[in-house]
There are 2 protein chains.
Amino acid sequence: MTEQDNGRAKRGQRRGARGPTVADVARLAQVSPMTVSRVVNNDPKVHDTTRAKVEKAIAELGYVPNLAARSLAGGRQCRIGLLHSNPSAAYLSEFLVGSTEQANAMGAQLLVEHFEEEASRDALAAKLLSHRVDAVLLPPPLSDDVLLLECINRAGMAMAQVATGAPSPLAHAVTIDDEAAAYALTTRLVGLGHKRIGFIGGAPNQTASALRRNGYRRALDVAGIDADRRLETTGDFTFRSGMDCALALLALEERPSAIFASNDDMAAATIAAAHRMGLDVPRQLSVCGFDDTASATNVWPELTTARQPVADMAREAVRLLVDSVFDAKARTPRHVRVDFSLVLRESDASMRAS
Amino acid sequence: MTEQDNGRAKRGQRRGARGPTVADVARLAQVSPMTVSRVVNNDPKVHDTTRAKVEKAIAELGYVPNLAARSLAGGRQCRIGLLHSNPSAAYLSEFLVGSTEQANAMGAQLLVEHFEEEASRDALAAKLLSHRVDAVLLPPPLSDDVLLLECINRAGMAMAQVATGAPSPLAHAVTIDDEAAAYALTTRLVGLGHKRIGFIGGAPNQTASALRRNGYRRALDVAGIDADRRLETTGDFTFRSGMDCALALLALEERPSAIFASNDDMAAATIAAAHRMGLDVPRQLSVCGFDDTASATNVWPELTTARQPVADMAREAVRLLVDSVFDAKARTPRHVRVDFSLVLRESDASMRAS
DNA sequence: ATCATCTGCGGTAACGCTACCATTTTACAT
DNA sequence: ATGTAAAATGGTAGCGTTACCGCAGATGAT
């Protein structure tokens, strides 16, 4: 008794009151620490009565499991490397919020690492390995870097590709149906009476770009509108590229009355280009974006776009990764598809308005 | 011997090879585990010869300390709550990258939490406490929420305000000289020959807003330009508010030839407003932003602005926080000022051009 | 020469939790 | 009633690290 108290006091001085431990809860609930652990970890082999007692004690003491101790004892420890190379800031922001949240909730550690496309993939893998990274999270455009995927796979780490158009058999993937979203958006434009609809594609090295283009083409096809290849341009998802494409499109002798850009940044650039040429949006030109990132509302008029739930996708990807690190059965790559939704704002209008 | 091997094998099955431990390093270097620990933690009381031996062994084995074990044994464990309420996405993105990086490097855990201004501050503090948060990181606009600061202080957590105009005696603070930056930018506009310079202020509840306004006023004053209060408007850092203010400014009978917006989003809105009114930027209107977030380059023309090193500021704030959690002596609030820089791009031009 | 002091290092005992048995209780078939 | 399995719990032994104390040997003062 005295010894115990002594021990507690000796360490207690270190940092205020250390939180309550399983032992404290166990004492209060009059069960063994093991049972408390089981309750906390949702082990089904605990009687409901006992569980209730323990939960009451937990609530009373405000007990929170010590993550450090848990991962030490469990032998498990999950580090997830989040690799990013210049995606749009708005995209990254949402992605980071979602992934950190989920990683914390699941007791995983998130290492955020910048990766330049020119850098050596092998060096990167080595670096990740040296940081004891168990799994790698790949937002676009890295989710489409096949060489990188292979390299990480060789290094034996789990992976999750987010928003890729080409889920690899080597990795988990979380995507939306890019084709369907582009189809829906283009169809809306057609429904508004537009016949000449320009298209600004994304970076060719991102597989989602092709999917969006397919959706656009299919919508025109279904609507019985002849495809005019001069109306299709290719950017790289940056504002600047969107500006160039839009300018080219608007310089056409038979100018499009609507433009579908493959992401919001390029759509914002399209609006800027239109204004630069003295065109009113949406009266003289309708514009649609894609992603519904912050830049969709940081323009005037605000963009009609397809919402991609980036934070949710990041969360899901982290979940997949953590599961496959902790549970060998969850190791086989899974492909999760989440829903997109259309967000109708003010950048598009009916043809009659012009 | 056999027993040891057995033990290793039994757990080894879980996930590949667990990394090498201090014991492994100690064996190889022929010292005690304690000495290895001392080397890793830069304890000065280690002979150079020994240190070299150990370091060689560490390199050879690719040893990386187990963070979980470390924080468990050390009794130390640092959780930092990062509270954010709708700042610009571009800002948050940079901020998150910087803070996660530093937190990982220092072995702290970062909890990202969204906080609505309408929500109860006491409930928030309780929540943080229940998550065992030791310190709180406050990016704007939360860094200016005095009630929140007091509330967190009462709860006994350390705090760091980032980019506040009013460092509290209760918290660490990392800032730039907002006044000087605004002064520099306005002075540049004056140097370009502008006499009527409009101003779009930030949210009044953020103290940095007033500082930027002061800088603007002082610049005009020093240049001997009479201040015209009609040229000063107040937004709230959002694109939409910037649009409103710019529109009002441009509707003035004596229209300004330049506008200084207190952040990039509002500057982007100003450009949009100008285009909407058929004004060319920068030929007919010069525009300056503030912060140099991603939105500065997501407009055409790209913004001349004052660069605030957001990621670095976040890193510094995390460092301050972790230090004060681990070391009682570092607990007294410190105020760190980092340098800003002017980024000259294409949104401003000499008066003669018009 | 002798004792205090400091440096450099090793041993031991936690830190809070969970894996892995062992044990008790309960349920159900024989 | 008895055995057998399943369910519910407890005991023990670490997980990898660091805090604390202790012990040699070197250094300096007396």
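The values are calculated or read from the model by the stated rules, or taken from the named source; none is laboratory data. Small disclaimer: the values here were computed from a predicted structure and weren't measured. FYI the Cβ positions are ideal-geometry reconstructions off the backbone, even for glycines, and counts take in every protein chain you see. To get the accessible areas, we keep the full protein, side chains included, count just its heavy atoms, and leave off ligands, DNA and RNA. Shrake-Rupley method; radii C 1.70, N 1.55, O 1.52, S 1.80 Å.
Per-structure values
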quantity	calculated
Neighbours by Cβ (under 9 Å, 6+ apart or cross-chain): first from the stretch A:36-49, closer than 16 Å to A:Val25 by Cβ; second within 6 Å of DNA strand D (Cβ to nearest atom) and among the charged types (D, E, K, R)	A:Arg38/A:Lys45
Residue list for the stretch B:207-225, filter: under 17 Å from B:Gly289 (Cα atoms) and of a type outside the set (A, V, I, L, M)	B:Ser209, B:Arg212, B:Arg213, B:Asn214, B:Gly215, B:Tyr216, B:Arg217
Output for the stretch B:140-163, where each listed residue is on the phi < 0 side of the Ramachandran plot and within 14 Å of another protein chain (Cβ to nearest Cβ)	B:Ala155, B:Met157, B:Ala158
Residue satisfying condition, being within 16 Å of DNA strand D (Cβ to nearest atom) and either within 14 Å of the chain's Cα centre (by Cα) or more than 9 Å from chain A (Cβ to nearest Cβ) (or both), within set B:Lys45, B:Lys56	B:Lys45
Within the stretch A:264-279, tally of residues that are more than 8 Å from chain B (Cβ to nearest Cβ) and open to solvent by 10 Å² or more (accessible area, probe 1.4 Å)	2
Selection count, the stretch A:225-253, where residues are polar (S, T, N, Q) and open to solvent by less than 30 Å² (accessible area, probe 1.4 Å)	2
Conditions (1) in contact with a helix residue (DSSP H, G or I) (Cβ under 6 Å, 6 or more places away or on another chain); (2) in the same structural domain as B:Ala119 (by TED's automatic domain parsing); (3) hydrophobic (A, V, I, L, M, F, W, C): number failed by B:Val146	(1)
Only listed residue being among the β-branched types (Val, Ile, Thr) and under 20 Å from B:Leu110 (Cα atoms), chosen from B:Val287, B:Val322, B:Val281, B:Val336	B:Val322
Filter result for A:Arg38 (near DNA strand C (Cβ under 9 Å from one of its atoms), modelled with pLDDT of 90 or more, open to solvent by 30 Å² or more (accessible area, probe 1.4 Å) and not in a loop (DSSP other than H, G, I, E, B))	yes
Output for the stretch B:71-106, where each listed residue is crowded, with 18+ Cβ neighbours inside 10 Å and within 16 Å of DNA strand C (Cβ to nearest atom)	B:Ser71, B:Leu72, B:Arg76, B:Gln77, B:Cys78, B:Arg79
Selection status of B:Arg352, at pLDDT 95 or above and either at negative phi or open to solvent by 20 Å² or more (accessible area, probe 1.4 Å) (or both)	no
Residue in the stretch B:112-123 that is touching a strand residue (DSSP E or B) at 6+ places or on another chain (Cβ under 8 Å), away from DNA strand D (no atom under 11 Å from the Cβ), not hydrophobic (A, V, I, L, M, F, W, C) and not assigned by TED's automatic domain parsing to the domain that holds B:Ala269 present	yes
Where A:Gln109 falls short, out of the listed (1) open to solvent by 40 Å² or more (accessible area, probe 1.4 Å); (2) outside any strand (DSSP E or B); (3) in contact (Cβ under 8 Å) with a residue 24 or more places away in the chain; (4) within 16 Å of DNA strand D (Cβ to nearest atom)	(2)
Hey, A:Ala17 in a helix (DSSP H, G or I), modelled with pLDDT under 90 and within 14 Å of chain B (Cβ to nearest Cβ) or not	no
Residue count, the stretch B:76-97 (criterion: aliphatic (A, V, I, L, M) and not in a strand (DSSP E or B))	5
Condition check for B:Ala68: within 16 Å of DNA strand D (Cβ to nearest atom), surrounded by fewer than 18 Cβ atoms within 10 Å (Cβ to Cβ) and not in a strand (DSSP E or B)	no
A:Ala261 within 14 Å of another protein chain (Cβ to nearest Cβ), modelled with pLDDT of 95 or more and within 15 Å of A:Asp178 (Cβ to Cβ)	yes
Residue identified as closer than 27 Å to A:Tyr91 by Cα, touching a His at 6+ places or on another chain (Cβ under 7 Å) and in contact (Cβ under 8 Å) with a residue 12 or more places away in the chain among A:Ala248, A:Ala258, A:Ala203	A:Ala258
Matching residues, the stretch B:204-224, being modelled with pLDDT of 95 or more, in contact with a helix residue (DSSP H, G or I) (Cβ under 7 Å, 6 or more places away or on another chain) and surrounded by fewer than 20 Cβ atoms within 10 Å (Cβ to Cβ)	B:Asn214, B:Arg218, B:Ala223
Lone unmet requirement of (1) open to solvent by less than 30 Å² (accessible area, probe 1.4 Å); (2) within 16 Å of DNA strand D (Cβ to nearest atom); (3) outside any loop (DSSP other than H, G, I, E, B) for B:Arg51	(1)
Criterion violated by B:Leu137 - all others in (1) buried (at least 22 other Cβ atoms within 10 Å of the Cβ); (2) facing chain A (nearest Cβ under 7 Å); (3) more than 16 Å from DNA strand D (Cβ to nearest atom) satisfied	(2)
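Condition check ((1) outside any helix (DSSP H, G or I); (2) over 21 Å from the mean Cα position of the chain (by Cα)) across all residues:
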| site | (1), (2) |
| --- | --- |
| A:Asn104 | no, no |
| A:Glu113 | yes, no |
| A:Ala119 | yes, yes |
| A:Ala123 | no, yes |
| A:Ala126 | no, yes |
| A:Leu129 | no, yes |
| A:Val133 | yes, no |
| A:Leu149 | no, no |
| A:Ile152 | no, no |
